[in-house]
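Rule-based calculations on the coordinates, nothing more; no lab input. Predicted model only: the values in this text are computed from it and were never measured. Glycine gets a Cβ as well: all are built from the backbone with ideal geometry, and neighbour counts include every protein chain shown.
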Amino acid sequence: MSITLERPETTEKDATPIAVRPGRVEIHDVWKSYAGVPVLRGVSLDIEPGEVVAILGPSGSGKSTLLRTINHLETIDRGSVTVDGEFIGYARRGDRLHELRESEVLKRRTSVGVVFQNFNLFPHLTALENITAAPLALRRATKAEAREQAQALLERVGLGDKGARYPRQLSGGQQQRVAIARALALDPQVLLFDEPTSALDPELVGEVLSVIRDLADSGRTLVIVTHEIGFAREVADRVVFLDEGELLEQGPPSEVLVNPRHPRTQEFLAKVLA
Amino acid sequence: MSVADDTTTRPADGGANAEQGATASTAPAANRNRDRVDLSAVKVVPTRHWFRWVFGAVVVFVVAQLIWTLFTNDKYDWGTFGQYFFSETVVNGLVLTLQLTVGATVIGFGLGILLAAGRLSKSWILSSASWAYIWFFRSVPLVVQLVVWYNLGYLFPQIGLGTPFTYDFWIVQVDTVTLISQMAAAFLGLGLHQAAYSAEIIRGGLLSVDSGQLEAAGALGLPRRVRFFRIVLPQAARSIIPNAANEVISLVKGASVVFVIALPELFYAVQVIYNRNSRVIPLLIVAVVWYTIVVTLLSIGQYYLERHYAKGSVRVLPPTPLQRARHWTRVQWARLGDGDPAAVPATTSTPDPTRSTDRRAR
Ligand SMILES: Nc1ncnc2c1ncn2[C@@H]1O[C@H](COP(=O)(O)OP(=O)(O)OP(=O)(O)O)[C@@H](O)[C@H]1O
Ligand SMILES: [Mg+2]
C-alpha cells in the first residue's frame, strides 16, 4: 500500500495563485510516542489527490495525532509524511533530512489547511478579518483583493452577511463555517478536519457538514476525523479505522462500515451505531 | 471557547422553548393568559432597598462634613495653594514627572515585552537570561540603582570599544559623566526597574491566551512576528492592561524617588518650596491635586483602552458613561416635552452600533 515515490525536490512555489489542484498525502510507517508511550505505531496511508478519507477510531486511538503530523504540528519519531512529495518539516538532501527553519515550515504548511474541533477563530478579529489575516500576512493579496476573496468565501459557506461580526457574536455552527472559510483562504491543496462538528449542538451539525460535502464535491483532498458515521459513509471515498495507534482496517465505506473484517472495528461500530 | 458556544446558542433556544411551552399545553393556557402582562404596558415598581438608602445617607453626611471643613478651616490656606498651583517651579516639576513617567513606561514596557517573550522562548539561553534579568532588577532597590547609574563615572570613568578584557578603548571612548546625565540616569534606573515588573505582567497576559490560538495561527502559516503581535498580544492585552495601568500610576508617584539624584520633579519641587516658607499643608495639597488630575486622566485612558481590547470578547459592549449620560438626558428631555420616554432608543442594542461606538471610543 505504501510506496514512497521518488520525486525531485520541487523548487519554491511562487506567490501567484494557482487554480486549486489537490495534493497527494503519503504517510509511511509513522511512529510517535509521548514520553515513551506509543501513540502511533507504524501507520502507513497513501491518500490520492482529490480523495476524501474519513478516519474513525475510539477516543485516544491517535486520530488527532495522525492528522497533526500531516502538517507538522506534531513531529514524528520515525517514518515519513509528505504532501505532494514534499516533507513539510524537512528538506531532503541526498539521503539526509535536514530540519527546516520555522519560516520555511510555515511557508510549506500553507498547502495544508486545518479546521479544528474548537474552531480556534481569533476572537479579537471579525469574521472577515479572520479570513484575510493569512493572505495579508503572507503578502498573497492586497487588502482589497483579500477582502473581496474573503467575502466570496463567506458567501460560499452561507455567511455573506456576517463578515463584520466577531466570532462570539456567531453561533457555533456559524463559527465553524467561518473557520472553514479561513482555512480555504490560502487555497490549500489538502484540508484536514479534526472532529469539525463534535463541539456543536446536534441541530447545528448539519450546516457544517453540508459545507464540507460541497468541498468534497469540488475535488479537494480532504482528510476528516469524525464520529459521524453516516456522514463518513456518504462523503468518504475511503474509511480508515485506527485503534491504539495502529491502522487496523481501511477500504470503501460500503465495506468497512457495512462488513467490517477486524473484530475491533466491529466492536467500535456496534458501539457507535447502537 | 466551549463556554462561549453554550451562551451563543442558548438565548435563541430558550426563547423558542418558552414560547412552545406556553402554547403547547392547552389546559392551563387560558389561566396563564390572564396572568400574562406586557411589561411595556404597565408601570413596573422597582424593589426598594432601604439598607442602601441608609448607607448612602451616612456616606453623604460624612463627605458633606469633610467638604464643609475645606471651607471653614483656614489652616488649609487656600491663598497659598492658589499662589503656587501654577507657579513655575511646580509646573516644571510636573512636566519632569510626566517626562519620567512616559520615558520609564516606554523603556519599561518595550523591554518588558522582549523579556516576557524571552522567558517564554524555547531557547534556554534566552529564557534563563530573561529570568536572570528579572531576578536581578527585582532584587536591587530602585534607589540603589539610581545612585549607581548616576555615579557610574566613579566605577567606570570611561566607556568605549577596544580590545576585549582590557580598558584600552582604541576604537571609541567617551567620558561616562558626559554620557550619563542626571536625566539619563533617571530614565535608565526607572526604565530598567520597570521592565522587570512589566515583563512578568506581560508574561502573565501571554500565558492567559489559549494555546489553540497559536496553533491555529501556526497552521495558517502566519510568521512568528505576526503571530505574536497580531494574534497573541492583542488578546493578552485584556489581562495586561489593568495591571499595566497600576504600574504606570505608581510610576507617576514613584518617580519622586529621583530626588536621590537631585532631580526636581513635582514632589521634590513642592518640598523645596515648603522648606523655604514652611507652608507645608497647602503645598502638599498642590502636589496631591496635581497627582489626582494626572491619575484621573490616566484612569480615563485606561477605561477606553480596556474597552478597545474588549471588542470581540463579549457579545455586546456595555455603553460608556458618556453614552449612558447622553441617553439619560434624552429620556429626561423626552419626559419634559411630554413625549414617550420609551421611544428613545436604548443605548445597547445590536452588535453593529457597538462597533461604531467602539470606533468613536478610539
Ligand atoms: N502532548 C501529549 N502528551 C502526552 N500524551 C498525549 C499528548 N497528546 C496526546 N496524547 C495521548 O496520545 C493518545 C492519542 O491522542 P489523540 O489526541 O491523537 O487521540 P484521538 O484519537 O484524537 O482521541 P479523541 O477522539 O478523543 O480526540 C491519547 O492517549 C492521548 O492521551
Ligand atoms: Mg482528537
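Across the protein assembly as shown, Cα-Cα pairs more than 51 Å apart make up 33 percent of the total.
Computed from the Kirkwood radius of its Cα pairs, the Stokes-Einstein diffusion coefficient for the stretch B:69-220 at 25 °C and 0.890 mPa s stands at 127 µm²/s. Per-residue mean of foreign Cβ neighbours for B:306-318 is 3 (Cβ atoms of other chains, 10 Å radius).
Write down the Å³ per residue value for the convex hull defined by the alpha carbon atoms of chain A. That works out to 134 Å³ per residue. Highest average first, the peptides B:91-97, A:50-56 ordered by how many other beta carbon atoms sit within 10 Å of their residues are A:50-56, B:91-97.
Peptide B:222-230 shows a mean partner chain C-beta count of 4 within 10 Å per residue C-beta. Shape class of the stretch A:182-274 from the Cα gyration tensor (axes a ≥ b ≥ c, square roots of the eigenvalues): prolate, since a/c reaches 1.5 or more and a/b is larger than b/c.
Ranked highest first by average number of other Cβ atoms within 10 Å, how do B:316-329, B:234-247 line up?
Values: B:316-329: 14.0, B:234-247: 19.0.
In descending order of packing, they fall as B:234-247, B:316-329.
For peptide A:96-104, what's the mean number of Cβ atoms from other chains within 10 Å of each residue's Cβ?
1
Taking Lys and Arg as +1 and Asp and Glu as -1, the other residues whose beta-carbon sits under 13 Å from that of B:Arg227 total +2.
Here A:His262 and B:Trp53 are evaluated by their C-beta separation; at R0 = 56 Å the FRET efficiency comes out at 0.15. Report note on the peptides A:149-157, B:277-285, A:28-36: ranked by the mean count of other C-beta atoms within 10 Å, highest first, their order is A:149-157, B:277-285, A:28-36.
Lys and Arg at +1, Asp and Glu at -1: add these up for the other residues within a Cβ distance under 15 Å of B:Leu161 and post the number. Let's see the in-between values first.
On the way: positive: none; negative: B:Asp168, B:Asp175.
Summing Lys and Arg as +1 and Asp and Glu as -1 gives -2.
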